[in-house]
Amino acid sequence: MLKNGKQFIQVILLFIAKSFKICNVKTIKNSIYVGDTIGDKTAADFAGIPFGFASYGFGEVTEYDYKLNDIADLLTIVYDKQKGGNDFAER
């Protein structure tokens, strides 16, 4: 069991790192962390990647880079990113 937020963030970062290794991803530059809690937002900030607030979840977050009203909104974010350049555009 995780005892504090720092341990939670470390577990999330370890998961991200292992996922990238499995998928042969070399950078998190074009990544987005989707979640619905302030802990998710904190983890995204700590990792240095944009945060997408899943408003359809159970949590409440007031600061985010993207707001997703539905998981399908990720398609729009990815499309906008491909259309607009290398980085995710702010929303």
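Observations on the structure shown:
- The set of residues in the range 28-76 being farther than 19 Å from residue 11 by Cβ, open to solvent by 50 Å² or more (accessible area, probe 1.4 Å), part of a loop (DSSP other than H, G, I, E, B) and among the polar types (S, T, N, Q) consists of 30, 62, 69.
- Residue satisfying condition, being out of contact with any Pro (no Cβ under 6 Å at 6 or more places or on another chain) and at pLDDT 85 or above, within set 28, 71, 22: 71
The values are calculated or read from the model by the stated rules, or taken from the named source; none is laboratory data. This is a predicted model, so every value here is computed, not measured. A quick note on method: Cβ atoms are made from the backbone with ideal geometry, for glycine too, and the neighbour counts reach across all protein chains shown. Side chains included, ligands, DNA and RNA excluded: accessible areas come from the protein's heavy atoms. Shrake-Rupley method; radii C 1.70, N 1.55, O 1.52, S 1.80 Å.
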